[in-house]
Amino acid sequence: MIPPRGACLAHPASAYPHAMLSDLFSALGLSGHPRLTAPGDAQGTVTVFNPTTGAPIAGVRLDDADSYERTVASSAAAFKAWREVPAPVRGQVVRAIGDEFRRHKDALGDLVSLEVGKIRSEGRGEVQETIDIADFAVGLSRQLYGLTMPSERANHSMKEQWLPLGPVGVISAFNFPNAVWAWNAMLAAVCGDTTIWKPSLLAPLTAIASNAIADRVASSMGHPGVFSLVIGTDDVVGERLIADPRVPLISATGSTRMGRRVGQVLAQRFGRALLELGGNNAAIVHHDADLAMAVPAIVFSAVGTAGQRCTTTRRLIVHERIADDVCTRLVAAYKTIRIGDPLADATLVGPLINARAVDAFLHAVESARSQGGTVLVGGQRARVSGLSGHFVEPAIIRCDRPIPVSCEETFAPILYVFTYSDIQHAIELNNQVPQGLSSAVFTDSLRVAEAFLSPSGSGSDCGIANVNAGTSGAEIGGAFGGEKETGGGRESGSDSWKVYMRRQTSTINWGTQVRLAQGIRFD
Ligand code: NAD
């Protein structure tokens, strides 16, 4: 049960002055929002902390079993009306939503920075992804193409059409608190589905603001209930959502541990799962690579979002002839990285999300040392004057060969460096981890690039394989996702929309006789 409105804002102790925070909340419609309350440990609430300062920002009221039930029932009812709206008209609603995100891009981007610590340009860049996927979805609303096929029977025709699926459950991770929802929700909307979003409890404010924008626009155009939100613990809300037979598709983004659970529950009820899970991404640097281009690309991929992207470069596989040079250049670049307040213009690396993430970072660095790795730079807590948030110094760790900790995804800025002499060995190292999300090769050699992308499948085994571009920073136009323990799902561009629809094949007899396929006679 969501209690009535109340006070909500705490002073997040610098990094964002209180007056500006009030402006931000009112620009995003969060002031006096019924979901928000004062920070504290009141039952049925969660406190959101600013990772830059460690100070509370606001309290958020959680859903319980009753409010969950009401939300899903109303989403299921809204689906029945929404699917009757012609797809191009649904596209017009999504177009208006995209425009509203354009208007709120800066404020919402700053809220992302405040809540999860992304630097300003990445926070706003995340909202830009939402605008981009909305544009993509508008075009798609006129292109939900089916096929017609020739029938083997005289006077028969066959066709395939794509139909709305139902309410879609979207579970999002803390590190993309706006765009991951939009990748799903904008496509689902033009496909005729409603969305029930369950965000991370580490980033519910961006979710409340984002869902409110979409819901406000859709409601004002006569379509309430298309976008809804449930916020709660994994026990009370998460588990209910994944087990709910009214929700035919769950799109879940997060750790492999979470995906394993979600996949099992969905398999039991024959639900559809779109899983976007952890990555352990590598970049190969061949001896002929243009290092003036490769080094900055690797630095952004390794330390952008403080190493908290699923596509972060975590392993560097460098040709032995240039390994010392590459390490020297990277260490020099790391030493110039400005760590600090994500909303300050000069900052390149903000904080990790919480103290647990810092502990995981320090523990991984220690494990690497004990497993034979040498820390070339970073690897400790970073002190930032005036801020008591969760800052670390991004680490580069050189290893003779892969070590156990380098096969795990530590969600923090640690780059393990290995060497190779033969490109096939480099590709084996790329593929030698349980995850299969993103990968890259830096080379000027056509042979090396094509071996990495080999159409036989003997190259990179990841869902994303780039040439002379880093592992992170995907555009919305391509299908996004990965193999193996990354879950196998694809979302965003290309033909990812098909997962939000059900396919129906029809045979139409326009003749006067019953004809059976395969020449079967039954008379
Ligand atoms: P997490 O697994 O802790 O949580 C992700 C989401 O799953 C949260 O909303 C959480 O509440 C929910 N959840 C957890 N258990 C659940 C359950 N039993 N039932 C229903 N929901 C449940 O992940 P995180 O720490 O928020 O995010 C970091 C992880 O996400 C990393 O592993 C990262 O690689 C991954 N990630 C993957 C992608 C991708 O597209 N492949 C994108 C972003 C993040």
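In table form, for the structure just shown:
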quantity	calculated
Some residue of the range 327-342 being within 26 Å of VAL48 (Cβ to Cβ) and surrounded by fewer than 19 Cβ atoms within 10 Å (Cβ to Cβ)	yes
Strands (runs of 3 or more DSSP E) within the range 374-429 that include 2 or more residues crowded, with 18+ Cβ neighbours inside 10 Å	395-398, 414-420
Residue in the range 475-483 that is within 27 Å of ILE396 (Cα to Cα), modelled with pLDDT of 95 or more and crowded, with 19+ Cβ neighbours inside 10 Å present	yes
Single unsatisfied condition, SER141 versus (1) surrounded by fewer than 15 Cβ atoms within 10 Å (Cβ to Cβ); (2) within 28 Å of ALA81 (Cα to Cα)	(1)
Residue check for SER456: surrounded by fewer than 24 Cβ atoms within 10 Å (Cβ to Cβ) and over 30 Å from THR374 (Cα atoms)	yes
Among (1) in contact with a Cys (Cβ under 9 Å, 6 or more places away or on another chain); (2) not in a strand (DSSP E or B), the one test that ALA282 misses	(2)
Restricting the range 239-276 to residues that are more than 23 Å from ARG309 (Cβ to Cβ) and free of Cβ contacts under 8 Å to residues at least 24 places away in the same chain, the residue that is nearest to the ligand (Cβ to nearest atom)	GLN264
Sole residue being among the small types (Gly, Ala, Ser) and either within 11 Å of the ligand (Cβ to nearest atom) or crowded, with 24+ Cβ neighbours inside 10 Å (or both), chosen from ALA212, ALA203, ALA218, ALA154	ALA203
Any pair with Cβ under 7 angstrom, 6 or more apart, that starts in the range 21-42 at a residue that is exposed (fewer than 14 other Cβ atoms within 10 Å of the Cβ) and ends at one that is outside any loop (DSSP other than H, G, I, E, B) and of a type in the set (S, T, N, Q)	GLY40/THR47
Among the residues listed as PHE101, PHE79, the single one being touching an Asp or Glu at 6+ places or on another chain (Cβ under 8 Å) and modelled with pLDDT of 95 or more	PHE79
Hits in the range 287-325 - residues which are buried (at least 23 other Cβ atoms within 10 Å of the Cβ) and over 26 Å from the mean Cα position of the chain (by Cα)	ALA289, VAL318
Test: ALA474 is out of contact with any helix residue (DSSP H, G or I) (no Cβ under 7 Å at 6 or more places or on another chain) and in a strand (DSSP E or B)	no
Lone qualifier among ARG503, ARG490 - being among the basic types (Lys, Arg) and within 21 Å of GLY254 (Cα to Cα)	ARG490
Cross-chain or 6+ apart pairs with Cβ under 6 Å, the range 452-479 first and within 23 Å of GLU122 (Cβ to Cβ), then assigned to a loop (DSSP other than H, G, I, E, B) and of a type in the set (D, E, K, R)	SER472/ARG309; ALA479/ARG490
Within the range 462-484, considering residues that are within 11 Å of the ligand (Cβ to nearest atom) and among the small types (Gly, Ala, Ser), the one farthest from VAL433 (Cα to Cα)	ALA474
Subset of the range 157-185 (residues that are away from the ligand (no atom under 16 Å from the Cβ) and out of contact with any Ser or Thr (no Cβ under 6 Å at 6 or more places or on another chain))	GLN161, TRP162, LEU163, PRO164, LEU165, GLY166
Odd one out for ALA294, checked against (1) closer than 16 Å to VAL170 by Cβ; (2) assigned to a helix (DSSP H, G or I); (3) aliphatic (A, V, I, L, M)	(1)
So ILE213, is it closer than 25 Å to GLN92 by Cα and more than 19 Å from the chain's Cα centre (by Cα)	yes
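Here is a yes/no grid of residues against (1) more than 22 Å from ALA173 (Cβ to Cβ); (2) surrounded by fewer than 22 Cβ atoms within 10 Å (Cβ to Cβ); (3) of a type in the set (Asp, Glu):
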residue: PRO51; (1), (2), (3): no, no, no
residue: GLY59; (1), (2), (3): no, no, no
residue: ALA81; (1), (2), (3): yes, yes, no
residue: VAL85; (1), (2), (3): yes, yes, no
residue: ARG90; (1), (2), (3): yes, no, no
residue: ILE119; (1), (2), (3): no, no, no
residue: GLY125; (1), (2), (3): no, yes, no
residue: GLU129; (1), (2), (3): no, yes, yes
residue: ILE133; (1), (2), (3): no, no, no
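So that you can scan it fast, the table gives a plain yes or no per residue for (1) touching a residue at least 40 places away in the same chain (Cβ under 8 Å); (2) of a type in the set (S, T, N, Q):
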{"residue": "THR328", "(1), (2)": "no, yes"}
{"residue": "LYS335", "(1), (2)": "yes, no"}
{"residue": "ILE339", "(1), (2)": "yes, no"}
{"residue": "ASP345", "(1), (2)": "yes, no"}
{"residue": "PRO351", "(1), (2)": "yes, no"}
{"residue": "ASN354", "(1), (2)": "yes, yes"}
{"residue": "PHE361", "(1), (2)": "yes, no"}
{"residue": "VAL365", "(1), (2)": "yes, no"}
{"residue": "ALA368", "(1), (2)": "yes, no"}
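Every residue, every condition in (1) over 23 Å from the mean Cα position of the chain (by Cα); (2) aliphatic (A, V, I, L, M); (3) surrounded by fewer than 20 Cβ atoms within 10 Å (Cβ to Cβ), yes or no:
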| site | (1), (2), (3) |
| --- | --- |
| PRO245 | yes, no, yes |
| ARG261 | no, no, yes |
| ARG269 | yes, no, yes |
| ALA273 | no, yes, no |
| ALA282 | no, yes, no |
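The values are calculated or read from the model by the stated rules, or taken from the named source; none is laboratory data. In this text, all values refer to a predicted model and were calculated from it rather than measured experimentally. Every residue, glycine as well, gets a Cβ built from its backbone with ideal geometry; the counts of neighbours run over all protein chains shown.
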